[in-house]
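Only one structure is covered here, and it is reproduced in the block below.
The values are calculated or read from the model by the stated rules, or taken from the named source; none is laboratory data. What you see is a predicted model; the values in this text were computed from it and never measured. Using ideal geometry, Cβ is built from the backbone for each residue, glycine included, and neighbour counts are taken over all protein chains shown.
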Amino acid sequence: MTDGDRNDVAAARERLLGVRVLRRGTGWLALEKPSGVLSVPGKGDAGAMNAVSWVIEHAPLATGPITVHRLDMDTSGILLVALDAERQRLLSMQFEARSVEKQYVAIVDGLVAADSGTFDAPMRLDVPNRPRQIVDPVQGKVAVTRYRVIERSGGRTRLELTPLTGRTHQLRLHCAHAGHPILGDPLYGGAGVSGAARLLLHATRLAFDDPSLGERVVVESPAPF
């Protein structure tokens, strides 16, 4: 292992210390994932430092699949995980049925003109440039995001984003495609919006049905920026 690899692993372990439990239910946990932490295992030693490995370490009685949904490595906020196969199946079905309510907060470049609106831009993988996604009205899959302006200041806009679909990099691509890339985004922001130490995107609210009780659960996490 090179010195660079060791530094990457050490940094990943340090970030994992920031993972914390927001809510605990029968067979599930709602975590707050820091920016820079993978949701699931990745490549290399640093890729072993992820939210799934954190759950296995801190909830040793967990069995079966854990992953219910994912957040990008650079996105922080609420991550729901299952602790047994049955809850994983039931929670995953809610995401597939789009009955889970998700909200994010982002700070984007420029002043968004409308106070609210919808980004409706079909998207697909940019195969030669993985993991980038591109807008493709012909071959792309349906991707819809609602937005609401929270604040405009200093040439930037704080947005509340509500994805109605769950495509990879959807919020990042939709904002960039609208001409307002999220600050700190190395994939879609370009050199002009790199003036942030991290991607300024945070999953602030998640609402779903408890698979054991049938009650609606709302988990919230304020944006750290």
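Things to note:
- Output for segment 96-112, where each listed residue is surrounded by fewer than 21 Cβ atoms within 10 Å (Cβ to Cβ) and assigned to a strand (DSSP E or B): E101, Q103
- Test: residue in segment 71-80 that is in contact (Cβ under 8 Å) with a residue 60 or more places away in the chain, assigned to a strand (DSSP E or B) and in contact with a Gly (Cβ under 9 Å, 6 or more places away or on another chain): yes
- Answer from D115, D120, D136 - the residue that is of a type in the set (D, E, K, R), under 21 Å from R205 (Cβ atoms), touching a strand residue (DSSP E or B) at 6+ places or on another chain (Cβ under 9 Å) and surrounded by fewer than 16 Cβ atoms within 10 Å (Cβ to Cβ): D115
- Cβ-Cβ under 7 Å pairs, at least 6 apart or on other chains, segment 204-225 side at negative phi and touching a residue at least 60 places away in the same chain (Cβ under 8 Å), far side of a type in the set (V, I, T) and in a loop (DSSP other than H, G, I, E, B): L206/V100; A207/V100; F208/V100; S212/T26
- Selection over segment 20-51 of residues that are among the aliphatic types (A, V, I, L, M), surrounded by fewer than 19 Cβ atoms within 10 Å (Cβ to Cβ) and modelled with pLDDT of 90 or more gives a count of 3.
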